[in-house]
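Here's the structure we're looking at; comments come further down.
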Amino acid sequence: MESILIISSILLWVVVLLNLLLTLGLARRIRNAAFPVMESLKIGQKAPDFSALTLQGKTVTLADYAGHAAAFVFVSPDCKPCREELPRLRELLPNARGFGTELVLVSDGDEEKTRPLMDGLGDGLSVLLAPREHNPFFSDYKAIGTPSYCLIDTNGKVQAAGIGMIELAERIEALVSNKERR
């Protein structure tokens with residue numbers, strides 16, 4: 001009788017340990033699936049070439065920004081945080097221009113969806129249309145979520161990349177501050 005009790009206890013502990021290992025494995029799998037690693041362009045690397053249309057129907061490529069710094073701001077017309085953050089871009093415009101940087105909105109929507117998004121923002125922001133299903137702009141720039149950004153210098157090299165307008169504003173303000181100190 002005593003040996004049955006010992007064997008039962010050992011089997012119970014084996015089951016408990018297996019259950020713990022399976023639970024840890026499942027937790028790791030869920031964590032990796034729910035929160036994928038956000039990969040972004042590396043600072044100093046050459047910005048990928050692209051081709052996109054303006055709201056006026058003109059085709060624009062990276063070569064059109066040669067010799068100019070630019071901040072590509074990736075947005076989606078269906079993105080609530082994008083709509084909430086767009087007014088901040090108007091506030092950023094003078095600082096960006098003061099540093100010689102053009103703010104360029106890159107929308108993953110078509111013209112019909114993107115135009116209403118621009119209402120109230122006024123002039124000064126360039127807008128490019130790059131629907132994800134037809135244009136690799138978003139994937140080439142590793143813009144997984146919106147709003148996100150990629151800041152390139154006059155040589156077409158990546159200076160910063162990330163998510164959110166607050167971070168972009170901080171980057172531009174830091175660049176302006178560094179310029180003023182020189």
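Values quoted throughout were computed directly from the atomic coordinates according to the rules given, and no laboratory measurement underlies them. Since the model is a prediction, treat every value here as computed from it, not as a measurement. Positions of Cβ are backbone-derived with ideal geometry, glycine not excepted, and every protein chain shown enters the neighbour counts.
Projecting the Cα positions of CYS79, ILE152, LEU62 onto the charge dipole of the chain (unit charges on Cβ atoms of Lys, Arg, Asp and Glu, taken about the Cα centre) puts ILE152 furthest along the positive direction.
Can you give the angle from 0 to 90° between the axis of helix 2-34 and the longest principal axis of the chain, with both taken from C-alpha atoms, to the nearest 10? It works out to around 10 degrees. Read through the labelled values (1) -0.46, -1.04; (2) -0.36, -1.06; (3) -0.25, -1.12 and report the label of the one computed as log10 I(q)/I(0) by the Debye sum over Cα atoms at q = 0.08, 0.17 Å⁻¹ from the structure. Answer label, from the structure shown: (2). Structural descriptor for the chain: relative contact order 28 percent, calculated from alpha carbon pairs under 8 angstrom and at least 6 residues apart.
Taking only Cα atoms, what is the 0 to 90° angle, nearest 10, from helix 80-98's long axis to the longest principal axis of the chain? Roughly 50 degrees between the two axes. Comparing ALA66, ALA160, ALA96 in a Gaussian network model of the chain, where Cα atoms under 10 Å apart are tied by springs, the biggest mean-square fluctuation is seen for ALA66.
The GluC sites (Glu not before Pro) of region 49-144 that DSSP puts in a loop, and whose beta carbon has at most 16 other beta carbons within 10 Å, are GLU133. Region 57-113 and region 136-177 have Cα centres separated by 10 Å. Multiplying the residue separation of ASN95 and LEU21 by 0.36 nm and removing their Cα-Cα distance gives an extension gain of 21.3 nm.
For the chain, a crude dipole built from +1 on the beta carbon of Lys and Arg and -1 on the beta carbon of Asp and Glu, taken about the Cα centre, is about 460 debye to the nearest 20.
Put a plus charge on the Cβ of each Lys and Arg, a minus charge on the Cβ of each Asp and Glu, and nothing anywhere else: the dipole of region 2-106 about its Cα centre is then about 100 debye. Note on the chain: helix-only mean residue ellipticity at 222 nm, from DSSP H runs of 4+ residues weighted -39500 (n - 2.57) and normalised by residue number, equals -15000 deg cm²/dmol. Build a GNM of the chain with springs between Cα atoms under 10 Å apart, and of VAL73, VAL60, VAL15 the one that fluctuates most is VAL15. Think of region 1-152 as a dipole: +1 on every Lys or Arg Cβ, -1 on every Asp or Glu Cβ, centred on the Cα centre; then among LEU92, PRO116, ILE30, ILE30 lies furthest on the positive end. With a Förster radius of 30 Å applied to the beta-carbon distance between GLU173 and LYS42, the computed FRET efficiency rounds to 0.85.
The ARG31 and LYS157 beta-carbon pair, evaluated with R₀ = 25 Å, returns a calculated FRET efficiency of approximately 0.15.
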